[in-house]
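Peer 1: Just dropping this structure here.
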Amino acid sequence: MSDALTLLAEARERAGKGASRQLRREGRVPAVIYGGKEEPTLIHVEAKELVRQLGTGHFMNSIVEIELGGKKVRTLPKDVAVHPVTDRPEHVDFLRLAKGAKVEVNVPVVFANEEKSPGLKKGGVLNIVRHELDLICEADKIPSEIEIDVTGKDVGDSIHISEVTLPAGSESAITDRDFTIATLVAPSALKKAEGDTTTADAGAVPASEQDEGDEEETTEEEGGAE
């Protein structure tokens, strides 16, 4: 699991677009903490620190401890709204985590032992269908990534969720089908070469037919000579 992050926050006294614009001009980002059978808490955080944490690449899958008024609130980021032009964060939603709570998160997948895959060795390509897995995890056991072993995988093989061993405390949020995560396909150059060979073979005349044609021509010539 990714290390817990800490974010200093201050309470927001006013909501609304005007108040939010004023906070952004001051280098702050309006946010809200909700859930946990408590009333939503309006807060604002420092824009620079939020951008830095977003840049870690695992902000959305990390527990964020928000320090507010001398207390720490354990949360999970659920949504970050960004400006359509500048990509600057404009608002953040944090889900308050109760003790023993389970949360739904998207966890990135990585592939291991590619050098032990016969298909990749011969030039095959790993076609990744899902770069992330939708998982339900215990709040304090959110994995930073899911590693998938491709040892022994050959061209034409597929990797399904049923083949993946998920860490303790995690399960797939999709349970109605054995969905595909990745497939191992032949490279386009290899497919083209195989296609050219097939075409050439289809247009060739069997040697036996060629021989028969030669014999017929010879007989006709001999008959004409008589």
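The values are calculated or read from the model by the stated rules, or taken from the named source; none is laboratory data. Model, not experiment: these values are computed from the prediction. All Cβ positions, glycine included, derive from the backbone under ideal geometry; neighbour counts span all protein chains shown. Keep in mind that these areas ignore ligands, DNA and RNA; they rest on the heavy atoms of the full protein, side chains included. Shrake-Rupley method; radii C 1.70, N 1.55, O 1.52, S 1.80 Å.
Peer 1: Go through the residues of segment 59-66 one by one and say whether even a single one is over 17 Å from residue 97 (Cβ atoms) and either touching a Ser or Thr at 6+ places or on another chain (Cβ under 9 Å) or open to solvent by 30 Å² or more (accessible area, probe 1.4 Å) (or both).
Peer 2: no
Peer 1: I need the full set of residues from segment 130-157 which are assigned to a loop (DSSP other than H, G, I, E, B), open to solvent by less than 80 Å² (accessible area, probe 1.4 Å) and without any contact (Cβ under 8 Å) to a residue 60 or more places away in the chain, in order please.
Peer 2: Hits for segment 130-157 are 130, 150, 151, 152, 153, 154, 155, 156, 157.
Peer 1: Of the numbered conditions (1) more than 30 Å from residue 73 (Cα to Cα); (2) open to solvent by less than 50 Å² (accessible area, probe 1.4 Å); (3) hydroxyl-bearing (Ser, Thr, Tyr), residue 172 satisfies every one except a single condition; which is it?
Peer 2: Of the numbered conditions (1) more than 30 Å from residue 73 (Cα to Cα); (2) open to solvent by less than 50 Å² (accessible area, probe 1.4 Å); (3) hydroxyl-bearing (Ser, Thr, Tyr), the odd one out for residue 172 is (1).
Peer 1: Still on this structure, please answer the following. Note down all Cβ pairs under 9 Å where the first residue falls in segment 43-67 and is over 16 Å from residue 31 (Cα atoms), the second is in a helix (DSSP H, G or I), and they're at least six residues apart or on different chains.
Peer 2: Every condition considered, the pairs that remain are 62/53.
Peer 1: Looking only at strands (runs of 3 or more DSSP E) that fall completely inside segment 1-83, which ones have 1 or more residues that are hydrophobic (A, V, I, L, M, F, W, C) and touching a helix residue (DSSP H, G or I) at 6+ places or on another chain (Cβ under 6 Å)?
Peer 2: 5-11, 28-35
Peer 1: I would also like to ask the following. Mind listing just one residue for me: the one in segment 175-187 that is closer than 28 Å to residue 59 by Cα and assigned to a loop (DSSP other than H, G, I, E, B) and, of those, least open to solvent (accessible area, probe 1.4 Å)?
Peer 2: Result: 179.
Peer 1: Filter segment 84-129 down to residues that are of a type in the set (D, E, K, R) and farther than 25 Å from residue 47 by Cα and give me whichever is surrounded by the most Cβ atoms within 10 Å (Cβ to Cβ).
Peer 2: Out of the qualifying residues, it is 102.
Peer 1: For segment 7-55, name all the residues that are of a type in the set (Asp, Glu) and under 17 Å from residue 79 (Cα atoms).
Peer 2: Listed by number, the residues that qualify are 46, 49.
Peer 1: Still on this model: Do we find that residue 52 is among the charged types (D, E, K, R), buried (at least 17 other Cβ atoms within 10 Å of the Cβ) and closer than 26 Å to residue 140 by Cα in this structure?
Peer 2: Taking the combined requirement at face value, the residue does not satisfy it.
Peer 1: Same structure, new question: Can you pull out every residue in segment 31-45 that is open to solvent by 50 Å² or more (accessible area, probe 1.4 Å) and touching a Leu at 6+ places or on another chain (Cβ under 7 Å)?
Peer 2: 34
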